[in-house]
Structures are given as C-alpha cells and as structure tokens.
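The values are calculated or read from the model by the stated rules, or taken from the named source; none is laboratory data. Predicted, not measured: the structure shown is a model, and the values here were computed from it. Don't worry about glycine lacking a Cβ; one is built from the backbone with ideal geometry, like all the others, and counts go over all protein chains shown.
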Amino acid sequence: MLRISLLISILVLGACKSGLEQTQASSKFPKKPKNVILMIGDGMGLSQITAGMYSNNNRLNLERCKTVGLIKTHSASDLKTDSAAGATAFATGKKTYNGAISVDVDTIPIPTILEMAEAKGYATGMVATAEIVHATPACFIAHQANRNWYEEIAFDFLKTDIDLFIGGGQRYFDQRRDGTDLLFSLVENGYSLYNFKTPLDELRIPLHKKLAYFTAIDKPLTKTLGRNYLSEASTFSAEFLSKRSEKGFFMMIEGSQIDWGSHANNTDYIVEEMLDFDETIGKILDFAEADRHTLVIITADHETGGFALNPGSEMGPGKIKGAFTTGSHTCTMVPVFAYGPGAEAFSGIYENTAIFDKMANAMGLIDKKEDIR
C-alpha cells in the first residue's frame with residue numbers, strides 16, 4: 001500500500017511539474033503577436049531540410065521552433081502546385097490555378113494579407129533571393145492572371161504602399177517594353193531608392209520614407225557566385241519595419257533558390273541555399289526572442305525535385321548523396337515551423353490556405369474561425 005501511495009505521489013508531482021513547465025513556456029510570450037514574419041523556403045521539403053542539417057553537422061536553427069505542422073499543397077487546378085498558386089494560398093487563403101498571382105479561378109483579384117495589413121495600419125515588407133516580381137513575392141502585392149507577366153506585376157507595386165521591398169528584377173521597373181520608368185514613380189510615391197551598388201549597412205533611411213532596394217538588374221546571383229544579402233537584409237528589414245508603425249508589421253521573407261537548386265537536381269546548390277536560409281532563420285528568431293511580440297512562421301510552398309538522401313550519405317559538408325525523381329515539383333506535404341506568440345495554432349495537418357487564416361486571425365484582420373484547417 002505504501003508503495004502504491006508513493007507511486008501515486010510521484011506521478012502527481014510529475015504531472016504538476018509538467019504542467020508548470022508548460023505554463024512557464026507559454027508565458028514566455030504574450031497571447032497575441034504584434035508582428036508576423038512569414039518565411040518561405042521555396043521548394044523546401046523535408047529532404048532539403050535534412051540535407052542542410054546533416055551537412056551542418058546535425059544542427060539547424062529551425063530546431064529552435066518547438067511547434068511543427070504539415071500542410072497540403074495541392075492547387076485548385078492540379079495535385080502538383082506551383083509557386084504562384086502556393087503563394088496565393090498563403091497570401092489570400094484561397095486555392096487557385098497554377099500560374100495565378102492572387103486571383104481566383106475566374107481571374108478575379110483576391111485581397112492579400114499584405115494589402116489587408118497595410119490598410120489596417122501595419123507596416124509591411126518583403127525580401128527575396130529571386131526577382132521581387134517573381135511568383136512568390138508577387139502574390140503578396142500583385143493581382144495578375146499569369147505569373148510571367150513581370151512588367152504588369154511591377155506596375156502593381158505602385159498600387160499598395162508597401163513600406164519596404166528587397167529583391168532582384170530592377171529591369172522590370174526601368175527597362176520596360178512600354179518605355180515607362182517606374183523608378184521615378186516609386187520616388188514620387190515616397191520611396192528611397194537604392195540598388196546593389198550601395199551596401200545595406202550604408203543605408204540611412206528617414207522614418208518617413210519607404211525603401212525599395214534592388215539586389216540585381218535581373219536575377220540575383222547564387223550563393224556560390226557571391227550573393228550574400230538574405231540574412232542581413234532580413235534583419236535590417238525587421239528593425240526598419242518595427243519603427244514604422246506602432247501597430248506592428250507583416251513581412252514575407254523568401255529563400256527563393258532552394259527551389260532553383262532542386263529544379264537543377266543539384267545537391268550542393270540545395271544545401272548551400274538551405275543553409276543560407278537557415279542562417280536567416282536564426283537571425284529572425286534572435287529578433288523574435290528579443291522582441292517577444294513577433295510570431296515567426298517558416299514553411300514552403302511545395303517540394304521540388306523529389307529529392308532524397310541516398311545510402312552512402314554521411315555527416316558533414318559535401319557528404320550528402322542526393323537523388324531525384326523529377327526536375328519539377330512534387331505533390332508531397334511540406335512542414336511548417338512556428339515560434340513566438342500564437343505559434344501553437346500552427347501545429348497539426350491542414351490545407352496551405354490555413355496559413356493565411358491563422359496569420360490573419362492572429363493579427364486581427366479576420367474574425368476568429370473555430371476550425372481553421
């Protein structure tokens with residue numbers, strides 16, 4: 001009897017301790033975030049993450065996130081999504097056809113979370129290692145029937161007062177077929193305008209000015225060829241946006257070229273871009289940890305390449321033996337990681353459209369839904 005009583009006491013104490021630890025963990029952050037940062041590793045499936053982890057001696061900054069989920073990535077037109085339909089789901093909460101930039105299946109524009117946040121007084125921004133008019137960033141600010149209409153997408157940047165954007169593709173603004181120089185229009189709309197010729201750490205932007213920073217005339221370089229701005233630009237942007245509005249900010253950060261390495265079936269390219277993205281994740285998590293009011297969501301629009309780590313792979317740089325099933329996207333679910341106030345909403349398995357619902361609900365942009373899936 002004494003042994004049974006002792007066992008019960010131990011179990012009760014253990015349960016109390018567990019409950020206390022959970023309470024202490026949940027009290028680390030307020031219930032609602034002030035800022036939301038969505039980080040998209042384009043084409044980043046579980047194998048891309050694993051390859052980066054083992055190449056980095058079994059550690060990633062991603063592991064700091066204790067909330068993990070999975071999303072279903074299919075589009076309205078195909079079980080295999082593309083970046084346009086995938087990012088539209090994140091940006092608007094609606095599934096659409098492959099190739100659509102935040103329009104529905106009837107090509108009618110759908111309001112995006114960035115536009116909604118801007119209208120509600122939040123500061124907004126985007127950073128990408130692709131052209132800023134490329135499918136993923138475009139879906140947060142533009143509305144076009146075709147993802148390849150880059151000049152039309154660039155013109156849409158003048159319709160929403162985004163506070164900051166950093167990425168490639170300057171030529172779609174100033175070397176256009178219609179002869180219009182949209183850079184003049186950006187300046188007239190209150191932007192401080194810079195490109196890669198001016199290092200980010202030399203920028204001094206007055207708080208009343210917005211920022212457009214072009215990292216390349218066309219596509220940004222790969223990491224191998226010298227591109228080195230994602231982590232710096234992301235932390236710069238978070239600090240910049242945090243001073244722009246007392247209400248808070250929304251920012252999208254894309255590690256674009258994980259996808260490009262996967263399309264190329266190039267394992268070294270994948271690992272390099274994955275680690276660049278993870279370094280940026282670490283910097284953003286540092287910002288969120290210090291700030292305490294920032295919710296960070298890290299996910300992918302889809303997996304690319306049908307990438308696998310074959311037997312014979314080893315721990316350490318350059319030791320992953322990758323294999324591929326396709327040069328295109330696959331239909332597999334992809335992971336979601338979350339950190340900060342409201343992170344617990346991102347656990348489970350749900351549609352990619354629920355990313356929008358959960359973010360918009362956390363920011364008070366939509367009424368709370370009882371069952372966001």
Just to be sure before I move on: is residue 43 under 28 Å from residue 134 (Cα atoms), assigned to a strand (DSSP E or B) and not polar (S, T, N, Q) in the structure I sent? no
Any residue in the range 222-233 that is aliphatic (A, V, I, L, M), under 30 Å from residue 57 (Cβ atoms) and free of Cβ contacts under 8 Å to residues at least 24 places away in the same chain? yes
Given the structure, is residue 33 touching a Leu at 6+ places or on another chain (Cβ under 7 Å) and either in a loop (DSSP other than H, G, I, E, B) or modelled with pLDDT under 95 (or both)? yes
Condition test on residue 332, is it surrounded by fewer than 19 Cβ atoms within 10 Å (Cβ to Cβ), at negative phi, touching a Gly at 6+ places or on another chain (Cβ under 9 Å) and free of Cβ contacts under 8 Å to residues at least 60 places away in the same chain? no
Does the range 91-101 contain at least one residue that is surrounded by fewer than 24 Cβ atoms within 10 Å (Cβ to Cβ), part of a loop (DSSP other than H, G, I, E, B), of a type in the set (Phe, Trp, Tyr) and touching a helix residue (DSSP H, G or I) at 6+ places or on another chain (Cβ under 7 Å)? yes
Residues of the range 80-90 classified as in a helix (DSSP H, G or I) and closer than 16 Å to residue 350 by Cβ, total: 3
The range 336-349: number of residues that are touching a Gly at 6+ places or on another chain (Cβ under 7 Å) and either surrounded by 15 or more Cβ atoms within 10 Å (Cβ to Cβ) or among the small types (Gly, Ala, Ser) (or both): 4
Among the residues of the range 96-140, how many are in contact (Cβ under 8 Å) with a residue 40 or more places away in the chain and at positive phi? 3
